[in-house]
Amino acid sequence: MTERAGIRTPYQTKILVVDDEKRIREGCRKMLTQEGFEVAGAENGFRALEMISEEHFDIILLDLMMSGVPGMEVLIHVRSHHPDTVIIVITGYATLEHAIEAMKNGAFDFIPKPFSPQDLRVVVVKAIEYIRTLQDISNEKSRMRVLINHLADGVMATDKEKRVALANPAFLKMLGHQGDRVIGSHVSELVQNERLNEMIDQALAMPGEEFAELTDEFQFEDRAGNPKTILGARCVPFRDRLDRNLGTVTLLQDITTLKKMEQIKSDFVSMVAHEIRSPMNSVLMLIKVILKGRAGHVTEKQEEMLNRVSEKINSLVNLASELLDLAKIESGLIMQEQKRLDIGEILTEQVAFHQTKAQERDILLELIPISEPAFVLGNRYNIEEVISNLVGNAIKYTPGGGKIWVSTTAKENHHCICVRDTGIGMSQEDIERIFERFYRVKNEKTRNIGGTGLGLAIVKSIVEAHNGIINVESEPDLGSTFKVYIPTAIHSD
Ligand code: ADP
């Protein structure tokens, strides 16, 4: 790497000095060679054109006033045939107009005669900085092109008129495109999928202060109409410094295998859970029969032990049931049976159902009166499960003498169901993990409280399947507030 004149270039910079005055050629050569550049000289325009056709020069110092082929002609030729070469025009005072014309024709700079070695150094340093910037941009572009072209994921960029600015081979392959060049054509010619087109429109229409990644999944079919591939799509706008949308970037990922694996896993879990539940229920029945004394006298000690066995088996049955529920929710089954639901009615039923348990534990469970009708679109069984889980947890994790309030309020396009308790609460770290499957807070306060760690995972899956949101606020020893937002049902069914 050459490092002189404060400039670093990855290879030695080649400079051609074109001037019919030998004194100038030699002077420039001497000074520039000392600076570490490789310097050649041409005594006229004709010779310069010959040399330029044989090898690449980074910089040409070009005298405009030469006999034979005029300097301006050399300049125009270089600009149109060697755009990477930078030209600095050498000119006398009297030919300032020429210098201006030369700049219009694409010269980078000019240096008036006579000039000192320092003057020359300054313009050459400036030219090298310019070359280096151009090289950096072009290297970066080349690196990006190679990277994008070799990605297994599909990438497409559009401008703000929805014209394709870039589409890598993976993108074209995923959409089954084999035809002509797509660059410059309208997205709708390449992307037939309506939703994907819609996502690009949405990304372009996104206001500057907002930034959201739009995501969706699509199933593509083969010619016979059989499901072929499942693609995950992500679409984002890209912006200038003033946050104006310049276009969009769309990423496609082939998630067919992932989806298949998820299905296999979910089927497997359902199968195992189902197979466990039936024999466990039979065992429970048998224990009941023994406890009733139908198989002979049961001593107090035996009764106590059998009760404990029942408890453990019940936990296993619960676990199996919850695993089955989760598998059902994840397979999307629940969304097939949606109705307009009266939240007030469901909350009243659920609070009444849990009242006995709350009273047993000396907890005040209260439903805040609902002032206006609250309707959401959902699956009744699943919405009941959400509320039951949240109220059940509130009872489980609130010590005797505590309070629980259940309420619902209308918010713009959602109904917010709120379950607040004065229970043991939890730390911020736990809050971040309680919706994970099998996660249970482990501390002194929870040590004797049983559970599977699946309840909130189920709750979250159900809420999300209803396009809702769940969040929690909690403070250790002060209590927790769970809020579920479900979109309001607008039309009656
Ligand atoms: P579990 O079967 O353990 O109750 P969940 O998924 O329903 O499983 O809850 C996960 C964990 O979140 C619980 O183990 C408990 O530590 C914590 N948690 C849930 N609800 C509350 C609550 N109302 N107050 C305090 N902690 C709670």
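The values are calculated or read from the model by the stated rules, or taken from the named source; none is laboratory data. These numbers were taken from a predicted model, which means no experiment stands behind them. Please note: Cβ atoms are built from the backbone with ideal geometry, for glycine as well, and neighbour counts cover all protein chains shown. Ligands, DNA and RNA are excluded from the accessible area calculation, which covers all protein heavy atoms including side chains. Shrake-Rupley method; radii C 1.70, N 1.55, O 1.52, S 1.80 Å.
Show log10 I(q)/I(0) for the range 290-401 at q = 0.17, 0.18 Å⁻¹, two decimals, from a solvent-free Debye sum over equal Cα scatterers.
-1.00, -1.05
What does the extension gain come out to for Arg239 and Gln178, with contour length at 0.36 nm per residue minus their alpha carbon separation?
Value of the extension gain: 18.9 nm.
I need the peptides 119-125, 61-67 ranked by packing, meaning the mean over residues of other C-beta atoms within 10 angstrom, with the highest value on top.
Ranking, from highest mean packing down: 61-67, 119-125.
Heavy-atom accessible area per residue, the range 1-140, 1.4 Å probe: how many Å²?
Solvent-accessible surface per residue comes out at 53 Å².
Just tell me which aspartates and glutamates come within less than 12 Å, Cα to Cα, of Lys228; anything on the same chain fewer than 8 places away is out.
Lys228 reaches Asp254.
Net charge near Gly296: determine it from the other residues with C-beta under 15 Å of the C-beta of Gly296, scoring Lys and Arg +1 and Asp and Glu -1.
Neighbourhood net charge equals +2.
Provide, for q = 0.08, 0.09, 0.10 Å⁻¹, the log10 of I(q)/I(0) from a solvent-free Debye sum over equal Cα point scatterers in the chain.
These q points yield log10 I(q)/I(0) values of -0.75, -0.84, -0.93.
With the full set of protein chains in place, find how many percent of the accessible area of the chain is carbon and sulfur; take the probe as 1.4 Å.
53
Mind ordering 28-40, 318-330, 204-216 by average Cβ neighbours within 10 Å, highest first?
Averaged packing, sorted descending, gives the order 318-330, 28-40, 204-216.
Of Val122, Gln192, Gly176, which is farthest along the charge dipole of the range 88-195 in the positive direction, counting Lys and Arg as +1 and Asp and Glu as -1 at C-beta?
Going by the charge dipole, the pick is Gly176.
Which of Leu151, Leu454, Ser282 sits farthest toward the positive end of the charge dipole of the chain, with +1 on the Cβ of Lys and Arg and -1 on the Cβ of Asp and Glu?
Ser282
With charges set only on the Cβ (+1 for Lys and Arg, -1 for Asp and Glu), what does the dipole of the chain come to about its Cα centre, in debye to the nearest 20?
Magnitude of the dipole: close to 1180 debye.
Quick one: dipole size for the range 177-323, taken about the Cα centre, charges +1 on Lys/Arg Cβ and -1 on Asp/Glu Cβ, in debye to the nearest 20.
With only Lys, Arg, Asp and Glu charged at Cβ, the dipole is about 880 debye.
Let me confirm the definition first: pairs of Lys residues in the range 261-415, 8 or more apart or on different chains, C-alpha distance under 16 Å. How many are there?
Lysine pair count for the range 261-415: 6.
Order of 106-114, 182-190, 420-428, 282-290 by packing, highest average Cβ count within 10 Å first?
420-428, 106-114, 182-190, 282-290
Using a Förster radius of 45 Å, what is the FRET efficiency between Thr257 and Ser282 based on their Cβ-Cβ separation? Nearest 0.05, please.
0.70
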